[in-house]
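The values are calculated or read from the model by the stated rules, or taken from the named source; none is laboratory data. It should be emphasised that the depicted structure is a prediction, and the values quoted were computed from it without experimental measurement. Backbone-built Cβ (ideal geometry, glycine too); neighbour counts: all protein chains shown. Calculation scope for accessible area: heavy atoms of the full protein, side chains included, ligands and nucleic acids excluded. Shrake-Rupley method; radii C 1.70, N 1.55, O 1.52, S 1.80 Å.
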Amino acid sequence: MVLAQKEIMALRKKLFESSNFNGKIMYTFSRYFSSNKMDLRKLKPMIQKRIQERAKDYPVPGMIPVAQEVLNSRRLLMQGVSTLLKVLPVMACKFCPEVYIGEKGHVIQTCCGFKRRGKNRVHEWITGGLNDVLAPVEAFHLKHMFQDVIKHHQRFDFERVPAVVELCWQAGANDGNQYSNWSPESDCCSVDGAESLSPDELVMIASGTLKAWEVLRNGVEKLLMVYPAKVCKHCSEVHVGPSGHKARLCGIFKYESWQGTHFWGKANVDDLVPPKIVWRRRPQDPQVLLNEGRGFYGHAPAVIELCTQAGAIAPRKYHCLMKLQGVATL
């Protein structure tokens with residue numbers, strides 16, 4: 001009888017200790033993982049203070065020379081391409097963004113056309129211009145990087161500038177230089193008397209233009225490692241800043257339930273400086289590129305193709321894309 005009472009007492013003691021242990025666990029769990037809602041009104045001042053303190057770190061002093069170099073390279077690139085366009089012919093499709101560097105356009109059936117036209121048709125060529133070689137990418141100009149998000153009704157209150165220029169301005173390259181009063185006319189510049197340039201002078205301009213293209217893309221890639229930029233996942237809209245704007249300008253889904261709201265993702269170099277890949281004719285190819293040999297022809301960015309036709313040497317990283325040693329069409 002005494003042994004039975006001792007066993008009962010021991011069993012009760014174990015149950016009490018286990019229940020006390022579980023109570024401590026539940027108390028700790030409820031303490032650190034509480035489901036009570038936080039008061040956002042108390043957190044708002046803390047978030048605003050953190051944003052203001054983060055804004056003090058920009059612009060980064062070490063990136064200001066890079067931004068200035070990007071602006072100078074962009075100016076040289078625009079000037080060089082404008083000069084080469086007066087000497088070399090560029091054709092653009094009337095119904096799609098296709099571009100061809102040459103006197104006659106190709107007959108490769110890749111025209112997507114308008115919405116009601118048939119797909120994979122032969123292109124209808126017209127004379128191309130600067131915007132066909134260097135695709136313009138614009139963004140809203142912000143007074144400072146961490147300002148309030150642009151609402152839809154505020155879209156006409158902000159100026160639209162080239163995205164590369166806006167990126168350089170936010171990087172601190174707009175103080176006391178010629179880009180502080182930017183205008184669209186300032187990009188349209190070329191060398192006077194381009195038609196009378198000698199072959200050596202043309203090669204020198206093409207080489208300088210090719211170098212400016214590489215410096216521009218490398219500089220933009222460096223700036224994007226420090227300064228945030230966004231691009232819409234469904235269209236080519238670009239926003240330079242930590243968060244995208246709320247202007248409902250996405251034309252692809254403007255009739256859907258979200259009414260043209262952009263879906264933002266991280267932007268890269270090709271979003272701000274599109275390479276604009278074009279077909280290129282090699283010496284072993286026919287005078288007019290045919291649709292039957294589209295699997296043999298090479299490609300190149302429009303700027304690279306324009307400069308190489310003027311006598312410049314393309315960098316080795318483009319040789320695989322250009323298919324320099326590829327076989328001719330059968």
message: Which count do you get for residues in the stretch 145-191 that are open to solvent by 40 Å² or more (accessible area, probe 1.4 Å), out of contact with any Ser or Thr (no Cβ under 8 Å at 6 or more places or on another chain), modelled with pLDDT of 70 or more and not aromatic (Phe, Trp, Tyr)?
response: 9
message: Taking the condition of being over 19 Å from the mean Cα position of the chain (by Cα) and either free of Cβ contacts under 8 Å to residues at least 60 places away in the same chain or assigned to a loop (DSSP other than H, G, I, E, B) (or both), how many residues in the stretch 131-158 meet it?
response: 13
field: Residues satisfying the stated conditions in the stretch 95-126, i.e. touching a His at 6+ places or on another chain (Cβ under 8 Å), over 18 Å from Asp285 (Cβ atoms) and assigned to a loop (DSSP other than H, G, I, E, B)
entry: Phe95, Cys96
